[in-house]
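What follows is a single structure, written as structure tokens, with notes after it.
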Amino acid sequence: MKFQLCGSSCFSFSNSKSTIDTTISGLNRHENLIIFSSQELEIATHGFSSSNKIGEGAFGCVYKGRLADGCFVGVKKLSVDIESMRGEREFISELAALSNISHENLVKLRGCCVDGANRFLVYEYMENKSLAQTLLGKEEKRVKLSWETRRDISIGVAKGLAYLHEEVQPHILHRDIKASNILLDHNFTPKLGDFGLSRILRDNTSHVSTRVAGTLGYLAPEYAISGQLTRKSDVYGFGVVLMEIISGRSAIDFDLQLGEHYLVQKAWEAYKEEKILEVVDPSLNMNFPEKEALRFLIVSLLCVQETAKLRPNMSTAAKMLSNETEVMGDIEIGEPGLLSDLMDIRLHHKHISQTSSSRPSSISFSTANFFS
């Protein structure tokens with residue numbers, strides 16, 4: 001297995017049995033990346049001790065480390081399954097996405113390491129962990145974020161996504177926008193992280209056809225059903241995250257009496273009853289500007305509309321949040337799309353394969369990251 005870094009932020013795969021030296025040589029020529037040795041990272045993380053673990057996802061764990069120069073970093077350790085390519089594709093996707101781009105609201109990749117079947121990615125250290133841990137984690141560990149901090153986080157995430165979708169060339173689709181992938185530095189500046197599922201959108205194409213992967217609760221229904229990934233798929237995920245920031249509630253909650261209930265559905269019902277401000281996090285004790293909170297909630301509902309083409313693009317959403325573009329007035333919001341169960345997708349494709357005279361649908365499902 002080898003990969004080569006290309007000038008256009010892409011990678012090519014080869015199944016030939018090439019030496020790992022070729023890989024390292026290719027990366028060493030890339031001026032923005034530091035090639036670390038596995039020994040350096042072992043020392044930095046105290047042997048990847050459990051006490052240094054700061055995060056865990058579908059493709060690997062992240063550890064806090066301190067390099068020889070005193071700088072703190074986050075080290076993601078991925079193990080590659082040679083047969084399924086699990087781990088390798090995610091490693092390459094993150095390198096492809098982050099090695100040649102820089103933005104205030106994207107996590108900075110400092111370097112990497114290849115050692116046998118192990119792959120390591122080294123990032124800047126995020127003192128305040130992820131939005132999921134800080135705002136939505138266990139009650140005793142939650143940080144009481146002010147409205148002003150929530151506002152700045154929301155706008156920062158929107159700007160980071162707008163940069164990926166509309167400014168960087170080629171454009172990048174993140175594919176897994178969720179609270180645990182929004183990282184917070186010491187000033188609570190948000191930075192998009194975990195580009196393991198990201199895809200490049202080339203030229204004038206409107207979508208990328210891919211296996212369905214993502215996280216239930218943030219997954220755009222039309223993408224889950226069709227396998228066609230678009231910018232509007234990320235916009236949907238952003239809309240859900242925006243609701244979480246405003247409400248302090250997770251996308252999916254579980255209640256022993258009510259079972260699973262979905263934040264998007266609750267917000268929509270509150271909107272129809274003209275009680276949308278009741279969605280705002282009660283821990284704020286009404287200490288927030290009502291007009292601004294209403295605007296943010298309206299934007300979140302616009303982003304999760306079932307009809308993808310009605311959702312705003314990310315630069316427009318960022319301007320709406322910053323009050324640079326008018327939102328209020330006689331605005332019409334369509335009903336949100338809601339994917340409540342993977343079974344919905346399976347039944348849809350079973351129906352297509354039974355009724356269509358053409359070959360069965362070729363969409364394959366990756367559920368590994370749905371519950372990460």
Q: Over the stretch 266-311, give the accessible area per residue in Å² for a 1.4 Å probe, as an integer.
A: 54 Å²
Q. Using modelled amide H (1.01 Å from N, peptide plane; none on Pro or chain starts), what sits under 5 Å from the amide H of R110, excluding residues fewer than 5 places away?
A. V122, Y123, E124
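Quick one: in the stretch 39-196, what % of C-alpha pairs are over 21 Å apart?
Numbers: 5749 of 12403 pairs.
I get 46 percent for the Cα pairs in the stretch 39-196 exceeding 21 Å.
Please go through the residue pairs K138/K291; K64/K178; K191/K232; K138/K159 and name each one whose alpha carbons sit more than 25 Å apart in this structure. Before the final figure, lay out each step's value.
Values: K138/K291 30 Å; K64/K178 21 Å; K191/K232 20 Å; K138/K159 28 Å.
Violating the 25 Å Cα-Cα cut-off are K138/K291; K138/K159.
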Q) Where Lys and Arg each count +1 and Asp and Glu each count -1, what net charge lies around M320 among other residues with Cβ under 9 Å from its Cβ? A) 0
Q: Based on the mean of other Cβ atoms within 10 Å per residue, sort peptides 180-192, 280-292 so the most packed one is first.
A: 180-192, 280-292
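The values are calculated or read from the model by the stated rules, or taken from the named source; none is laboratory data. Everything quoted here is computed from the prediction, not taken from an experiment. Please note: Cβ atoms are built from the backbone with ideal geometry, for glycine as well, and neighbour counts cover all protein chains shown. To get the accessible areas, we keep the full protein, side chains included, count just its heavy atoms, and leave off ligands, DNA and RNA. Shrake-Rupley method; radii C 1.70, N 1.55, O 1.52, S 1.80 Å.
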